[in-house]
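Remarks on the structure that follows.
Any read-out appearing in this document is the output of simple, stated calculations on the displayed coordinates, not a laboratory observation. These numbers come from a predicted model, not from an experiment. Please note: Cβ atoms are built from the backbone with ideal geometry, for glycine as well, and neighbour counts cover all protein chains shown.
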Amino acid sequence: MKQDHFRNRPARRTALAGALAVGAILCLPAPARAAGHGEYGPLEIKGSEQQLMKSTAGYEDQFVRRSYRYGSADLDAAITRIGLLLAPKPTDPYIRYRFHVLRDIEPNAFSLPDGQVYVNTGLLAVLENEAQLAAVLGHEVQHTAGHHGILTYRSTRRKLITGSLLGPFTLGISDIFLINSLYGYSRDLEEEADRLGAQKMTRAGYDPRQIPKVFAILMRDPEGESPDFKTFWSTHPALQSRIDYTRAMIPGLTVGVNPDGLKVNAQGFRRLVRRASLDTVQDLVGADYGRTAIDLAKRLVAENGGDPACQIALGDARVALGARAMLGAEGDLTNRDKWKNLKTRVRYTRSERQEQLLETPEGQKNLRKNLEEARQSYQRALAIDPNAAEAHRGLGYVYKGMNRPFDAGREFVTYLKASPQAPDKPVILSELKEINTKIKKGGKGT
Amino acid sequence: MKSFRASRPPGAPRPVAVAAVTLVVCLVSAAAAYARGYMTPGFLARKSRPMRVAVLPPHAEFIKEKAIMTDQMVQESAALENEAAQALKTQLEAKGYKVRILTPQEISRTAGLNPLVKKLNDRYEEEWSKMMYKPKKVRESRYTTGDDALRLCALLKVDGVAIVRVQAVAASKGKAVLRYFANSSAPHTYARVDLGVIDARQGIIQGYFSGYENTSLGQLVKKPALVMGQATEHALKKYPESAEVRVVEEAVASADDKENGEGDPVGDFEVLLNKKNQKSGH
């Protein structure tokens, strides 16, 4: 035993030395890693990066092929106008800025190394004003201008080569440091884009006090399904940290400027994104994110109380919430609860989740409450516009859920008569068939 | 791709789905090819099996594993998508079905089609990630795509929709050499075609088919038609001929056996409503 231990000692020493060396290199503080800074001058594309650029160009076509583009000329024009105001002059022939909106419920935006910048409808729907959109676009164009994508590719490649050479000697321990280094590098670039974007948007006349508000919006978690995880494992700095450092930047950015004279433009922006916000509510309903849909729909109602479409959206969101309840304050849920919620969504289908909830008295109570509130929203829509056909469709579903088949059928028929070419006509006819069968069988509620 | 916040960009593969595909592929990678098929009793019995099928533009993920990095072959994946759709059309027609390929151009031209296709794809992916883990549950009609499929089928005047997902992974020569020296198994270059068939009456995923074919990087890039043809053939191996009727003695009552006569539901309802009103003296 002792002999074996002795014999293995040189190998262990090598492994230990290797681990320490890798650890020492990769654990150096960020500035000493000589990483995390963009290149804002021209940057030549090297051999293996050709494929990266080729794929990048391919995404533009792929997003069209896959029906991801939202296709609103007004929105595309608006974000192009703001984006070009903030984008630095391209330093390379392969950079050409173009801005598009994607139909996606996730509140996110991203940019590609060749100048493609995309903003999701899910983000436009939750932003409050044009200055916040400028904060997002200012950040994204800095990624392209600083060649962050290409530099990340290079850094990753270099580190993976080092990792694959040293890995066997360090018994895989170096992989942890490798991940730390890769993510750390990415976080550095994100922070750089935040800081430079903030400077740029202020110079363009936008109020930088809106930047921390964007991160606060992104921190919202109405579904209780976004558990916190250590920054160590993240490509982006923690949102709270982004709020803190951008807030700390504001006094420096507004030196010699009257902050109240800077552009915010809340009204014009919200008017611009109204259609996209309504579509996002429908997409959230379709994706079974009822709580988020209700939050957004309530805001739309507050902004346009006299618009029946907003009342209908709120009704639809309430129906989608089904047997669930809105969550209380953020602090009410532990991280474990959030993981559990997420796991439930991943593991079970929608109908299974609904059935599980309906087995409990709370679930049944929630369903009744949500249906009643949905009914009120649809009634309000009809009070504003008696010809709002979609409100009748919504009421049909509400009464179906309340087990009132005659009322449900009456509303569905009204909807079909008011809107004979409705795209969901076959769906409603199928609902009517079901109702007729139920009435003929003489079940409860008939 | 640098995004504003830490999250999945649109178009990127969903982590759960990718993990599930990778796991399944690892498990079957020893085989040169395989075919899997799961169908509801209604689909087997030809009751809920669509005879006129619309094929949505397939989504392909093509990854090239290099010695150190992996490359997303985005432009090359477009060729795989086109060929997968063509192969599916040819082979389903050979089995006696009427097939209509929906092209991206047609989708962008037709009013209202674009968001519908996007929604249905998103909904399908939500179910697909679960279906990968428990494909046998297809037989119990566990997976449904809801109203979007019904609306789409009504718009296209078809009985069902086929949704195709392609995954292609190619190992470069450098990767192959590394694997050889690491004494690992042979480099895996493969193409996998997954097909979900949704009916127009209830939006249920009535059939789920999967085909896997070992191939090479050269073939994937230069002969996508051949590779997609082979993988699709495997996927459709268990897909019944259009006239074929298989009766499954299922103890569980099939959810897809609902009555679905055409009739006039509006007229029927009004008759029932009048009867009720007469009874109550209105």
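Separation of the range A:417-444 and the range B:34-67, taken as the distance between their Cα centroids, equals 30 angstrom. Overall, the ratio between the Cα radius of gyration of the range A:302-367 and 2.2 N^0.38 Å, rounded to two decimals, is 1.36. Placing +1 on each Lys and Arg Cβ and -1 on each Asp and Glu Cβ, with no other charges, gives the protein assembly as shown a dipole about its Cα centre of roughly 1240 debye.
Other residues lying with their Cβ under 10 Å from the Cβ of A:T344 contribute a combined charge of +3, Lys and Arg counting +1, Asp and Glu -1.
Distance between the C-alpha centers of the range A:275-292 and the range A:201-271? Whole Å please. Answer, in whole Å: 24. Backbone N atoms of the range B:33-52 closer than 18 Å to the 7 Å Cα→Cβ label point of B:V245 belong to residues B:40-52. Averaging 1/r over every pair of different alpha carbons in the range A:299-446 and inverting the result gives a Kirkwood radius of 16.8 Å. Note on the protein assembly as shown: dipole from Cβ charges, positive end direction compared against B:Q75, A:F177, A:H143; the farthest Cα belongs to A:F177.
Close amide H contacts of B:F62 (hydrogens built in the peptide plane, cut-off under 5 Å, sequence separation of 5 or more or a different chain): B:M73, B:A168.
Of A:N436, B:V245, A:P361, which is farthest on the positive side of the dipole of the protein assembly as shown, counting Cα position, with +1 on Lys and Arg Cβ, -1 on Asp and Glu Cβ, and the Cα centre as origin? Going by the charge dipole, the pick is B:V245. Using θ = phi - 60° in the Karplus curve 6.51 cos²θ - 1.76 cosθ + 1.60, the 3J(HN,Hα) couplings for the range B:265-277 round to x, 5, x, 4, 5, 5, 4, 4, 5, 4, 4, 4, 5 Hz; x is entered for Gly and Pro.
Starting from the coordinates of the alpha-carbon atoms of the range A:27-136, obtain the Kirkwood hydrodynamic radius over all distinct pairs and give the value in Å to one decimal. For the range A:27-136, inverting the mean 1/r across all distinct Cα pairs yields 15.7 Å. Converting phi to 3J(HN,Hα) with the Karplus coefficients 6.51, -1.76 and 1.60 and the offset θ = phi - 60°, the range A:107-117 yields x, 8, 8, 7, 10, 10, x, 9, x, 6, 10 Hz in sequence order, with x at every glycine or proline.
Peptide packing: for A:138-144, A:410-416, the average count of neighbouring Cβ atoms within 10 Å per residue gives the ranking A:138-144, A:410-416, highest mean first. Length gained on full extension, A:F229 to A:L84: 48.7 nm, using 0.36 nm per residue less the C-alpha separation.
The H on the amide N of B:T145, modeled in the peptide plane, is under 5 Å from the matching H of B:I204, B:I205, each at least 5 residues off or on a different chain. Look at the stretch B:105-115: the mean tally of other chain Cβ atoms within 10 Å of its residues' Cβ atoms is 3. Each peptide among A:368-377, A:262-271 gets the average number of other Cβ atoms lying within 10 Å of its residues, and from highest to lowest they stand as A:368-377, A:262-271.
Each listed q (0.11 Å⁻¹) maps to a log10 I(q)/I(0) for the protein assembly as shown, found by the Debye formula over equal Cα scatterers with no solvent: -1.32.
Simple rule: put +1 on each Lys or Arg Cβ and -1 on each Asp or Glu Cβ in chain A, find the dipole, and look at A:L86, A:G396, A:Q376; the Cα lying farthest toward the positive end is A:G396. Note on the range A:273-343: with charges restricted to the Cβ of Lys and Arg (+1) and Asp and Glu (-1), its dipole about the Cα centre is near 240 debye.
About its Cα centre, the range A:324-446 has a charge dipole of approximately 400 debye under the convention of +1 per Lys or Arg Cβ and -1 per Asp or Glu Cβ, with nothing else charged.
Taking every residue in A:142-152 and counting other chain Cβ atoms within 10 Å of its Cβ, the average works out to 1.
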